[in-house]
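Inspection log for the structure reproduced underneath, given as structure tokens.
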There are 2 protein chains.
Amino acid sequence: MAFVVVRQKGFTVQCVVTVQPDLVSRQMVKFVAGLSRESIIDVQGLVSVPSVPIKGTTQQVEVQVRKLHCISKAMPTLPINIEDAARSEKEIEEALQAGEQLVRVNQDTRLNYRVLDMRTPANQGIFHIQHEVGSLFRKFLQSEGFEEIHTPKLIAGTSEGGSAVFKLDYKGQPACLAQSPQLHKQMAICGDKERVFEVGPVFRAEDSYTHRHLCEFVGLDVEMEIKKHYSEVMDIVDRLFVTMFDHLNEKCKKELDAVRRQYPFEPLKYLRKTLRLRFEEGVQMLKEAGVEVDPYGDLNTESEKKLGQLVLEKYGTEFYILHRYPLAVRPFYTMPCYDDAKYSNSFDVFIRGEEIISGAQRVHVPELLEERAKACGIDVNTITTYIDSFRYGAPPHGGFGVGLERVVMLFCGLNNIRKTSLFPRDPLRLAP
Amino acid sequence: MAFVVVRQKGFTVQCVVTVQPDLVSRQMVKFVAGLSRESIIDVQGLVSVPSVPIKGTTQQVEVQVRKLHCISKAMPTLPINIEDAARSEKEIEEALQAGEQLVRVNQDTRLNYRVLDMRTPANQGIFHIQHEVGSLFRKFLQSEGFEEIHTPKLIAGTSEGGSAVFKLDYKGQPACLAQSPQLHKQMAICGDKERVFEVGPVFRAEDSYTHRHLCEFVGLDVEMEIKKHYSEVMDIVDRLFVTMFDHLNEKCKKELDAVRRQYPFEPLKYLRKTLRLRFEEGVQMLKEAGVEVDPYGDLNTESEKKLGQLVLEKYGTEFYILHRYPLAVRPFYTMPCYDDAKYSNSFDVFIRGEEIISGAQRVHVPELLEERAKACGIDVNTITTYIDSFRYGAPPHGGFGVGLERVVMLFCGLNNIRKTSLFPRDPLRLAP
């Protein structure tokens, strides 16, 4: 009698294939025993519940094999084993204390052999959750009257007059890859689309080697007409994400458990109605906790982390909106506050102490837009098409952008954004 | 008394604002009369049905203005007028016959001022239909167990060893923009995702100046495990598109009418169960009609058009699948037919005589893949990561790809793909 443990695909099916010599020939047993791990087989057999419980599996189903055919033979020695890739730090450490050294697969090796790494239950869970986040984003927005748009990623000159872009030659013209759909999504609003969203790649040529930056990621972007106040944009953020988190917790239990088994994390704490703090209030909270920050400057990563802790202690939430940012630290197209031009109609959103969303009302008055561009040191001649878009009648509007990979990373409390991108791109990685 | 006709936004709201001097001051009348076209106003007033029907509008509602505030002032002379941009060829010709010369806005001018051009009822319709096509694509596939993936657009070297790509420098490494998600979507299947789809930009640096080519378009891509036969992939195409066409005809009546008013077209003829013809049968039909084509070559645009006519006459459909293409005219990764290696497990799909979808079963056996690559003159060393993906156990699989802009163009019988891309990119156009 030969027992062959077939790896469960994903984590939905778990079974043990028992080859019984009274049912199949000795040759089949030999054939099966010679199959390499991760080979794909077709099995015809009888599913039954064995009288003696099977050890080492979670499901007590046995397949009595009648026919077995190898569909795809894996190479005998794989670059990484799924069992190794699926192991948690805790297992490795416990084994070490018991005197056993288990293989730890590092992040780079995983990414080099992503096809194998993807097969772990945690990764099947992560990318299912990623799929759900995108799906819920669209579903919610569609139910609120938003329409999907697709804006070009190939842009003449250098986009947004901002930070590092990937440059290329476009049929003899200088071009670059879009750093965000910002300008085009605003143009769509000027083109009479009242509420739009986009899901698409965003390119950043920055030399950031952190746990939270990628050179290419999936941007979830929203832009909408504002009827009265920029809080309408925050209302969308609030309801969109509370709906999304509720759904993930409810419908992705198995996937979240699979992620948690390998990468333990606490469920995200969030309120039914998302907390909104004014920037000034945030600064005051930090001050009271002994952290002095410039009231008209930006928060650094450390202050953001600290404020996240303070907010969690005081309000019991790890998801909140900080709004009315100082004008000086926002892009030129951000609308100043009408009652105090040192501040702006803008906001950031934080999960677990990390910034995840940036949003604002935009300047829709061409004269003010020119003035703000000049004040920010931008050559107005390089953005004439953009500014001209507002000369044909432009409604007040605003929006926000969020990175898909960051949402998944922070919701699942993961420590590296490379875990939530199928084939990540960073300053050192362009393959596979 | 002053009548001010406010342009209807999109085509959902139509109204006439009547300013009555007994209700408002003379100053307001003067202010309103001085407002430039396309300016955006907030109006407070009483909606009523006038006793005397209003001429020249389709909706008989009057707003008796109490307060009026200009939100955004358009420049006095616009680069193009919406009335001109919304005019059909028929109107222009009828006017000409009556001795009146009306303005015709050409395609390039429209695209230069896309923000204004987008405001025509036809364009509001086209981009709503585009949104619906994307939405239906995802909804159908999700209901069939497909998950969305996002693959990188930045690729090391030159992608697929194929035609013209946009090249760029990636932190000192040679890179290019993905021509399709082909290799990565297959890798996702090898990574245990059974059924995946992607919606994302696709980049082609080809110098094609036709009505149907863009340098950047939105690819709708599908890849799936095959259990028994490549017809499973065609089954998905069949049901996906019939469901989509049904929905568009049913739910987008207003939008289709708006498109039709400016660009007249006949509704697409399609069958409940999509016709599948073998390539050999297509060749035979052409032969019988006096068109000789190479039975192991590809069809050119002209033969495709002709075959479309023949199929329409014989089967009464403008949407059909042609499958079992000659192996020699398909990419190296296409699975040969097991019963005749001169043919392949592949297909193209046609709408109104134009090819719109290309699909196939892929080679999942690494040795055969190497052999096929060599036979097609591809240096195997440049695609090792791709080939290696199949060495870890790979299921039989196949898929297809389709351009979003082409679906909308051909469903609506439009004559130019630039009409169905918000901000099109072709060899000569990189802006706005």
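At 7 Å along the Cα-to-beta-carbon direction for both A:D339 and A:T385, put a label point, then send me their distance in nm to one decimal.
Label-label distance for A:D339 and A:T385, simple model: 4.0 nm.
What does the accessible area per residue of the protein assembly as shown come to in Å², with a 1.4 Å probe and no ligands, DNA or RNA counted? Walk me through the intermediate numbers first.
Working: 37520 Å² over 864 residues.
It amounts to 43 Å² per residue over the protein assembly as shown.
Buried by at least 20 Å² relative to the chain on its own: which residues of the stretch A:70-102 qualify, computing accessible area with a 1.4 Å probe on protein heavy atoms?
In the stretch A:70-102, residues shielded by partner chains: A:I71, A:S72, A:M75.
Do any residues of the stretch B:166-189 show a loss of at least 30 square angstrom of accessible area between the isolated chain and the full protein assembly, using a 1.4 Å probe, and if so which?
Residues meeting the cut-off: B:F166, B:L168, B:Y170, B:K171, B:Q173, B:L177, B:H184, B:M187.
Quick one: which residues, 5+ away or cross-chain, put their amide H under 5 Å from the amide H of A:I357? H built at 1.01 Å from N.
For A:I357, the qualifying residues are A:V349.
Enumerate the amide H contacts of A:E216 below 5 Å, restricted to partners 5 or more residues apart or on another chain; note that Pro and chain-start residues carry no placed amide H.
Amide H to amide H, under 5 Å and 5 or more residues apart or across chains, A:E216 pairs with A:R204, A:R425.
Calculate the length of the line joining the C-alpha centroid of the stretch B:406-432 to that of the stretch B:107-130, in whole Å.
Distance between centres, Cα-based: 10 Å.
Kindly express, to the nearest 10 degrees and within the range 0 to 90, the angle between helix B:301-315's C-alpha long axis and the longest C-alpha principal axis of chain B.
The angle comes out near 80 degrees.
Pull up the DSSP beta bridges for chain A and report the antiparallel fraction as a percent, rounded to 5. Walk me through the intermediate numbers first.
On the way: 56 of 65 bridges.
The answer is about 85 percent antiparallel.
Mind pulling the angle between the C-alpha long axis of helix B:279-288 and the longest principal axis of chain B? Nearest 10 degrees, somewhere in 0 to 90.
In chain B, helix B:279-288 runs at an angle near 70 degrees to the longest axis.
Provide, as a two-decimal number, the C-alpha radius of gyration of the protein assembly as shown over 2.2 N^0.38 Å, N being how many residues it has. Present the calculation step by step, with values, prior to reporting the outcome.
Details: Rg = 29.8 Å, N = 864, 2.2 N^0.38 = 28.7 Å.
Ratio of Cα Rg to 2.2 N^0.38 Å: 1.04.
When the accessible area of the stretch B:306-432 is computed with all protein chains present and a 1.4 Å probe, what percentage of it is carbon and sulfur?
Answer for the stretch B:306-432 is 50 percent, counting heavy atoms of protein chains only.
With all protein chains present, how much of the accessible area of the stretch A:112-269 (probe radius 1.4 Å) comes from carbon and sulfur, to the nearest whole percent?
Looking at the stretch A:112-269 in its full context, I get 50 percent from C and S.
If the label for B:Y338 sits 7 angstrom from Cα along the Cα-to-Cβ line, what are its distances to the same label in every other copy, in nm to one decimal, shortest first?
Result for B:Y338, in nm, nearest copy first: 7.1.
If you build a Gaussian network model of chain A, linking Cα atoms that sit under 10 Å apart, which residue out of A:P295, A:P201, A:P121 swings the most?
A:P295
Set the Förster radius R0 to 22 Å, insert the Cβ-Cβ distance between B:K228 and B:K273 as r into 1/(1 + (r/R0)^6), and round the FRET efficiency to 0.05. Present the calculation step by step, with values, prior to reporting the outcome.
Numbers: r = 19 Å, r/R0 = 0.88.
Efficiency at R0 = 22 Å is approximately 0.70.
Near A:M75, within a Cβ-to-Cβ distance under 11 Å, what is the net charge of the other residues, with Lys and Arg +1 and Asp and Glu -1?
In short, +1.
Rounded to the nearest 500 deg cm²/dmol, what is the calculated helix-only ellipticity per residue at 222 nm for chain A, with -39500 (n - 2.57) per DSSP H run of length n ≥ 4?
On the way: 14 runs with 142 residues, N = 432.
So the calculated ellipticity at 222 nm is -9500 deg cm²/dmol.
With all protein chains present, calculate the accessible area of A:K254 using a 1.4 Å probe and round the result to the nearest 10 Å².
Ignoring ligands and nucleic acids, A:K254 comes out at about 120 Å².
Using a label point 7 Å beyond Cα on the Cα-Cβ vector, give me the inter-copy distances for B:E302 in nanometres, one decimal, shortest first.
7.4
Out of the stretch A:335-402, which chymotrypsin sites (Phe, Trp or Tyr not before Pro) are coil in DSSP terms and have no more than 13 other C-beta atoms within 10 Å? Mind showing how you got there, number by number?
Values: sites: A:Y338, A:Y343, A:F347, A:F350, A:Y386, A:F390, A:Y392, A:F400; in loops: A:Y338.
Within the stretch A:335-402, the qualifying chymotrypsin sites (Phe, Trp or Tyr not before Pro) (loop, at most 13 other Cβ atoms within 10 Å) are A:Y338.
Out of the stretch B:273-332, which chymotrypsin sites (Phe, Trp or Tyr not before Pro) are coil in DSSP terms and have no more than 14 other C-beta atoms within 10 Å?
Values: sites: B:F279, B:Y296, B:Y315, B:F319, B:Y320, B:F332; in loops: B:Y296, B:F332.
Qualifying residues, ordered by number: B:Y296.
Distances from A:N416 to the same position in the other copies: list them in nm, one decimal, shortest first, using label points 7 Å from Cα along Cα→Cβ.
5.0
Amide H of A:S72: which non-local residues (sequence gap of 5 or more, or other chain) have their own amide H closer than 5 Å, using H built in the peptide plane?
Here the answer is A:I40, since their amide H atoms fall under 5 Å of that of A:S72.
Could you tell me the center-to-center distance, by alpha carbons, between the stretch B:279-335 and the stretch A:213-260 in angstrom?
Using only Cα atoms, the two centres lie 47 Å from each other.
May I ask you to derive the FRET efficiency for B:E354 and A:N81 from their Cβ-Cβ distance with R0 = 41 Å, giving the value to the nearest 0.05?
Values: r = 49 Å, r/R0 = 1.19.
Rounded to the nearest 0.05, the efficiency is 0.25.
Could you run the Karplus curve 6.51 cos²θ - 1.76 cosθ + 1.60 with θ = phi - 60° over the stretch A:221-236 and give me ³J(HN,Hα) per residue in whole Hz, x for Gly and Pro?
10, 10, 9, 8, 5, 10, 7, 10, 8, 5, 5, 4, 5, 5, 4, 5
What ³J(HN,Hα) values, in whole Hz, does the Karplus curve 6.51 cos²θ - 1.76 cosθ + 1.60 give for the stretch A:98-109 when θ = phi - 60°, with x put for Gly and Pro?
8, x, 10, 9, 9, 6, 10, 8, 7, 4, 5, 4
With chain A rotated onto chain B, spot the residue of A whose Cβ lies nearest the axis and note the distance in whole Å.
Spelled out as residue then distance in Å, it is A:L168, 2.
Report the net charge of residues surrounding B:E302, where surrounding means a beta-carbon distance below 13 angstrom and charges are Lys +1, Arg +1, Asp -1, Glu -1. Walk me through the numbers before you get to the answer.
Numbers: positive: B:K305, B:K306; negative: B:E292, B:D298, B:E304, B:E354, B:E355.
Net charge in that neighbourhood comes out at -3.
Across the stretch A:377-387, in residue order, what do the Karplus-derived ³J(HN,Hα) couplings come to in whole Hz, using 6.51 cos²θ - 1.76 cosθ + 1.60 with θ = phi - 60° and x for Gly and Pro?
x, 9, 6, 4, 5, 7, 10, 5, 4, 4, 5
The stretch A:396-432: which residues show an accessible-area loss of 40 Å² or more, assembly versus chain alone, 1.4 Å probe?
Hits at the 40 Å² cut-off: A:L422, A:F423, A:R425, A:L430, A:P432.
Using only the alpha-carbon atoms, how far is helix A:121-143 inclined from the longest principal axis of chain A? Give it as 0 to 90 degrees, nearest 10.
40 degrees
If you build the Cα gyration tensor of chain A and take the root of 5 times each eigenvalue, what three semi-axes come out, in whole angstrom, biggest first?
Values: eigenvalues 494, 122, 81 Å².
Result for chain A: semi-axes of 50, 25, 20 Å.
If we count every other residue with Cβ under 10 angstrom of B:M409's Cβ, Lys/Arg +1 and Asp/Glu -1, where does the sum land? Provide the component values of the computation, followed by the final result.
Numbers: positive: B:R212, B:R352, B:R406, B:R418, B:K419; negative: B:E354, B:E405.
That sum, taken over residues with Cβ under 10 Å, equals +3.
Filter the GluC sites (Glu not before Pro) in the stretch A:221-326 to those in DSSP coil with at most 15 other Cβ atoms within 10 Å of their Cβ, and list the result.
Here the sparse-neighbourhood loop sites are A:E292.
Might you work out the accessible area of B:V49 for me, using a 1.4 Å probe with all protein chains in place, and round it to the nearest 10 Å²?
120 Å²
Connecting C-alpha atoms closer than 10 Å in a GNM of chain A, tell me which of A:Q64, A:Q182, A:Q124 has the biggest fluctuation.
Highest fluctuation among the options: A:Q64.
Summing both sides, how much accessible area is buried between B and A? Use a 1.4 Å probe and give Å² to the nearest 100.
Numbers: alone 22190 and 22200 Å², together 37520 Å².
Result for this pair: about 6900 Å² buried.
The values are calculated or read from the model by the stated rules, or taken from the named source; none is laboratory data. Given the structure is predicted, the values throughout are model-derived calculations rather than measurements. FYI the Cβ positions are ideal-geometry reconstructions off the backbone, even for glycines, and counts take in every protein chain you see. Please note that ligands, DNA and RNA were not included when accessible areas were found on the heavy atoms of the full protein model with its side chains. Shrake-Rupley method; radii C 1.70, N 1.55, O 1.52, S 1.80 Å.
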